[in-house]
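J.: Take this structure, written in structure tokens, and hold onto it; I'll ask about it next.
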Amino acid sequence: MQTRSERTREALIRATAELIADGRPADAGLVNICRRAGVSRGALYHHFSSTAALAAAVHEQARGRLEEIVDVAFSGAAVDAPERFCLALTEALGSDKIVRAGMELAPDGSAGPPRLRDHLMSLLRDRVAAAHEAAGGRHGASPGDLADLAVVMAAGIETLGRSDPAWWDGDTSRRLWGLIRPSFSQADGGHRRVP
């Protein structure tokens, strides 16, 4: 069972994430956060030295969740990993406001670069290239080209979903992956594995 202090801290993180996810980082000001969390300013400052430190806590939680998504996606067959990643990412973006907010934040809690989104896309590119290179990069596109394609797909869905959440629907991601899947299958010798 959580203590009152732990519940307050989590309420502050959740409120900050909701404000950023439903708007923009600038919406997560002191008054808005306290009002949304139902706490006093003193309670905020008891747990965090500033609203930037609070936003950094959102970034930290989101980063942990996203790195877990990457690890799970790349624990299976390399050819299917980018698709598994994008499906899990779209689900997280559609349902998890901490993930959605964290994508917009830098480690220090600011909206400036490098944002978590930038880190995630770099990590995705590295993992796709390494996985396809380890598979021998047979036939078709190079591992670097496939990695770029996976990043474009993930970044596009993430960005487009901010103005139209229908892009974060799993069916949309599956449909698009159906179009580009042959490029990844050819790179793995034409072997399609079902996740």
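The values are calculated or read from the model by the stated rules, or taken from the named source; none is laboratory data. Just so you know, these numbers come straight off a predicted model, no measurement behind them. Cβ: placed from backbone, ideal geometry, glycine included. Neighbour counts: every protein chain shown. For the accessible areas, the whole protein counts, side chains as well, though only heavy atoms, and no ligand, DNA or RNA atoms are used. Shrake-Rupley method; radii C 1.70, N 1.55, O 1.52, S 1.80 Å.
J.: Count, please, the residues in the range 66-78 that happen to be open to solvent by 10 Å² or more (accessible area, probe 1.4 Å), hydrophobic (A, V, I, L, M, F, W, C) and more than 9 Å from the chain's Cα centre (by Cα).
T.: 4
J.: Could you please tell me which pairs satisfy a Cβ distance under 8 Å, a separation of 6+ or placement on different chains, a first residue in the range 10-21 that is among the β-branched types (Val, Ile, Thr) and modelled with pLDDT of 95 or more, and a second residue that is surrounded by fewer than 23 Cβ atoms within 10 Å (Cβ to Cβ) and not in a helix (DSSP H, G or I)?
T.: 20/104
J.: Given the condition open to solvent by 60 Å² or more (accessible area, probe 1.4 Å), closer than 17 Å to residue 173 by Cα, of a type in the set (Asp, Glu) and in contact with a Phe, Trp or Tyr (Cβ under 9 Å, 6 or more places away or on another chain), answer yes or no: does some residue in the range 90-109 qualify?
T.: There is at least one residue in the range 90-109 that is open to solvent by 60 Å² or more (accessible area, probe 1.4 Å), closer than 17 Å to residue 173 by Cα, of a type in the set (Asp, Glu) and in contact with a Phe, Trp or Tyr (Cβ under 9 Å, 6 or more places away or on another chain).
J.: Against the definition (among the basic types (Lys, Arg), without any contact (Cβ under 8 Å) to a residue 24 or more places away in the chain, more than 14 Å from residue 105 (Cβ to Cβ) and touching a helix residue (DSSP H, G or I) at 6+ places or on another chain (Cβ under 6 Å)), how does residue 41 come out, yes or no?
T.: The answer is yes for residue 41.
J.: On the basis of being closer than 17 Å to residue 99 by Cα, assigned to a helix (DSSP H, G or I), of a type outside the set (Asp, Glu) and open to solvent by 50 Å² or more (accessible area, probe 1.4 Å), does residue 63 make the cut?
T.: yes
J.: Considering only residues that are of a type in the set (Gly, Ala, Ser) and either in a helix (DSSP H, G or I) or crowded, with 23+ Cβ neighbours inside 10 Å (or both), which ones fall in the range 110-125?
T.: 122
J.: Related question: Please find, among 141, 147, the residue that is touching a residue at least 12 places away in the same chain (Cβ under 8 Å), open to solvent by less than 40 Å² (accessible area, probe 1.4 Å) and part of a loop (DSSP other than H, G, I, E, B).
T.: 141 is the lone residue from the list that is touching a residue at least 12 places away in the same chain (Cβ under 8 Å), open to solvent by less than 40 Å² (accessible area, probe 1.4 Å) and part of a loop (DSSP other than H, G, I, E, B).
J.: Farther than 30 Å from residue 143 by Cβ and among the β-branched types (Val, Ile, Thr): is that true of residue 90 in this structure?
T.: no
J.: For the range 1-50, give me the residue count where each residue is of a type in the set (Ser, Thr, Tyr), under 26 Å from residue 159 (Cβ atoms) and open to solvent by 70 Å² or more (accessible area, probe 1.4 Å).
T.: The number of residues fulfilling the criteria is 0.
J.: So how many residues does the range 126-138 have that are open to solvent by 30 Å² or more (accessible area, probe 1.4 Å), of a type outside the set (D, E, K, R) and closer than 19 Å to residue 71 by Cβ?
T.: Residues in the range 126-138 being open to solvent by 30 Å² or more (accessible area, probe 1.4 Å), of a type outside the set (D, E, K, R) and closer than 19 Å to residue 71 by Cβ: 2 in total.
J.: Can you find even one residue in the range 21-44 that is of a type in the set (Ser, Thr, Tyr) and more than 25 Å from the chain's Cα centre (by Cα)?
T.: Yes: one or more hits.
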